[in-house]
Amino acid sequence: MDTQHGTQILPHLYRVAWWDLAGKDVVNCDVFAVDCGESVVLIDSGRGGPSYPLMKANLARWGLWDRVELCLLTHLHWDHAGGVSQLRADGVSIWGGRGAAAFSQHERAREYFGGEVPALDRVLEDGEAFACSGVRFEMLDTPGHTSTCVSYFAGIDSVRCAFTGDLVMPNGTIGYSGSFDFDAQKLLGSLRRVAQREFDAVLTGHMLRTTQPSGFWMQDGKSHVLRTLQAGLEGKWNIAGQGRQ
């Protein structure tokens, strides 16, 4: 079900933020909310700033905000992690991979974020599994788009979901390939690794620029990973990208 407040993808899975949530010139990522029952888990924080209160309002409209306890970051790009400080101020714990934890030591990290680099409350190891109110998640290191990228796998309403951040873009295309820590060979390796997993749906970091759903969300997600891998093997990198994604 789609509304101006987001998309209910499954009975317990929602999209609560998207590309132009705060206007066409305010680039944001897609933020997904998993209703685990006693608690709600967010996949990425979004860019924060003017998008943050709108995302909170969307969560509240779906009856989710008061139970948000955890945010799982897919990577440290500003459109995915810019809202970390606002979420933490609201009592939400921030988790991510070891690459994200090490990112603050990079000489260009503070320059990229224009100051403070988003910090983690817990560092997850590659392949680590954990449960939130009975919903099992597993994290896989999937670097390439950035050195900080990870993907999360979870079974939600009997659908095997893969949350891949910017590893995969709509219709199996390559995401921004111009970050200072982009690595083409690592990206190809990550795509191969994800393609070896069993999952039904792929939930990417940028589905569409509106509230309307994308048909491939829940349909044969692996085919889109394989298409992205083929695009990479053919050298179809996206070095123009969108701003500083």
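Structure above, values below:
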| quantity | calculated |
| --- | --- |
| Count - residues of segment 34-88 that are aromatic (Phe, Trp, Tyr) and part of a loop (DSSP other than H, G, I, E, B) | 1 |
| Evaluation of PRO53 against (1) touching a helix residue (DSSP H, G or I) at 6+ places or on another chain (Cβ under 6 Å); (2) of a type outside the set (A, V, I, L, M); (3) surrounded by fewer than 22 Cβ atoms within 10 Å (Cβ to Cβ) (one fails), failing number | (1) |
| Residues that are of a type in the set (A, V, I, L, M, F, W, C) and either at pLDDT below 95 or out of contact with any Leu (no Cβ under 8 Å at 6 or more places or on another chain) (or both), drawn from segment 111-123 | PHE113, VAL117, ALA119, VAL123 |
| Every residue from segment 7-33 that is in a strand (DSSP E or B) and within 13 Å of PRO53 (Cβ to Cβ) | VAL16, ALA17 |
| Qualifying residue in segment 156-177 (condition: farther than 24 Å from GLY6 by Cβ, outside any strand (DSSP E or B) and modelled with pLDDT of 90 or more) | yes |
| Residue match in segment 50-68 (condition: in contact (Cβ under 8 Å) with a residue 12 or more places away in the chain, closer than 18 Å to ASP166 by Cα and not small (Gly, Ala, Ser)) | no |
| Residues of segment 188-245 that turn out to be in contact with a Gly (Cβ under 9 Å, 6 or more places away or on another chain), over 30 Å from PHE113 (Cα atoms) and modelled with pLDDT under 90, as a count | 3 |
| Boolean, ARG160 is surrounded by fewer than 17 Cβ atoms within 10 Å (Cβ to Cβ), of a type outside the set (Ser, Thr, Tyr) and in contact (Cβ under 8 Å) with a residue 40 or more places away in the chain | yes |
| Positions within segment 79-95 being in contact with a Lys or Arg (Cβ under 8 Å, 6 or more places away or on another chain) and small (Gly, Ala, Ser), in sequence order | GLY82, GLY83, SER93 |
| Test: residue in segment 69-82 that is loosely packed, with under 14 Cβ neighbours inside 10 Å and within 18 Å of VAL40 (Cα to Cα) | no |
| Test: residue in segment 154-164 that is out of contact with any strand residue (DSSP E or B) (no Cβ under 6 Å at 6 or more places or on another chain), of a type outside the set (S, T, N, Q) and within 30 Å of GLY49 (Cα to Cα) | no |
| Filtered residues of segment 47-76 (kept if within 12 Å of the chain's Cα centre (by Cα) and at pLDDT 95 or above) | CYS71, LEU72, LEU73, THR74, HIS75, LEU76 |
| Residue ranges of strands (runs of 3 or more DSSP E) in segment 92-144 with at least 1 members of a type in the set (Ser, Thr, Tyr) and either under 23 Å from GLY48 (Cβ atoms) or within 16 Å of the chain's Cα centre (by Cα) (or both) | 93-97 |
| Residue pairs meeting the criteria (Cβ under 6 Å; at least 6 apart or on separate chains; first at pLDDT 90 or above, in segment 10-23; second of a type in the set (A, V, I, L, M, F, W, C) and part of a loop (DSSP other than H, G, I, E, B)) | TYR14/TRP62 |
| Residue in segment 146-156 that is among the hydroxyl-bearing types (Ser, Thr, Tyr), over 23 Å from PHE180 (Cα atoms) and surrounded by 14 or more Cβ atoms within 10 Å (Cβ to Cβ) present | yes |
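The values are calculated or read from the model by the stated rules, or taken from the named source; none is laboratory data. Values in this document were obtained by computation on a predicted structure and should not be read as measured data. Methodologically, a virtual Cβ is constructed for each residue, glycine included, from the backbone with ideal geometry; neighbour enumeration extends over all protein chains shown.
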